[in-house]
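S.K.: Supplied in structure tokens, the structure appears directly below.
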């Protein structure tokens, strides 16, 4: 599969099918995921290693058991893929779903994801959760 195909499948496998093992199948063991969240001293949050990303994935699924992700658009070349996506999610214990969009950039080496960057409307999500 091409990087673009692997990246598109990522969203279906992880969020729609809730299949965490896809992370182990398509990433390098020392994969790095960067998030736009600033955690301390202006540093951005990141997760290093497959198991840290699996744990993050499980935490999101626990918080949003009803989640559906759609790929809106994508592009890719031999080493990179970028996906524009939209999520509809219902927080655990809530009756009302909300939507938000984001983009994820994946970088590949030897057919595996080695690094990724997420940017999404985190402020909108927080507002929806606090409403």
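S.K.: Is it the case that some residue within the stretch 36-45 is surrounded by 18 or more Cβ atoms within 10 Å (Cβ to Cβ) and either touching a residue at least 40 places away in the same chain (Cβ under 8 Å) or assigned to a strand (DSSP E or B) (or both)?
M.R.: For the stretch 36-45, residues surrounded by 18 or more Cβ atoms within 10 Å (Cβ to Cβ) and either touching a residue at least 40 places away in the same chain (Cβ under 8 Å) or assigned to a strand (DSSP E or B) (or both): absent.
S.K.: Looking only at the stretch 70-93, count how many residues are free of Cβ contacts under 8 Å to residues at least 40 places away in the same chain, out of contact with any strand residue (DSSP E or B) (no Cβ under 7 Å at 6 or more places or on another chain) and at negative phi.
M.R.: Selection size over the stretch 70-93: 2.
S.K.: Could you figure out which of (1) out of contact with any helix residue (DSSP H, G or I) (no Cβ under 7 Å at 6 or more places or on another chain); (2) within 27 Å of residue 98 (Cβ to Cβ); (3) in a helix (DSSP H, G or I) isn't true of residue 54?
M.R.: (1) is the only condition that residue 54 fails.
S.K.: Now a separate question. Here are some conditions: (1) in contact with a helix residue (DSSP H, G or I) (Cβ under 7 Å, 6 or more places away or on another chain); (2) buried (at least 17 other Cβ atoms within 10 Å of the Cβ); (3) closer than 17 Å to residue 11 by Cα. Residue 112 meets all but one. Which one does it not meet?
M.R.: Every listed condition holds for residue 112 apart from (2).
S.K.: Would you check which residues across the stretch 72-92 are surrounded by 14 or more Cβ atoms within 10 Å (Cβ to Cβ) and either out of contact with any helix residue (DSSP H, G or I) (no Cβ under 9 Å at 6 or more places or on another chain) or within 16 Å of residue 113 (Cβ to Cβ) (or both) and list them?
M.R.: 74, 76, 80, 81, 82, 83, 84, 85, 86, 88, 90 - these are the residues of the stretch 72-92 that are surrounded by 14 or more Cβ atoms within 10 Å (Cβ to Cβ) and either out of contact with any helix residue (DSSP H, G or I) (no Cβ under 9 Å at 6 or more places or on another chain) or within 16 Å of residue 113 (Cβ to Cβ) (or both).
S.K.: Quick test of your reading of the structure: residue 67 fulfils all but one of (1) modelled with pLDDT of 95 or more; (2) touching a helix residue (DSSP H, G or I) at 6+ places or on another chain (Cβ under 7 Å); (3) part of a strand (DSSP E or B). Name the failing condition by number.
M.R.: (1)
S.K.: Does residue 50 satisfy the criteria of being at pLDDT 95 or above, within 19 Å of residue 115 (Cα to Cα) and touching a strand residue (DSSP E or B) at 6+ places or on another chain (Cβ under 7 Å)?
M.R.: In short, yes.
The values are calculated or read from the model by the stated rules, or taken from the named source; none is laboratory data. All values derive from a computational prediction rather than experimental measurement. Neighbour counts are summed over all protein chains in view; Cβ atoms, including those assigned to glycine, are modelled from backbone coordinates with ideal geometry.
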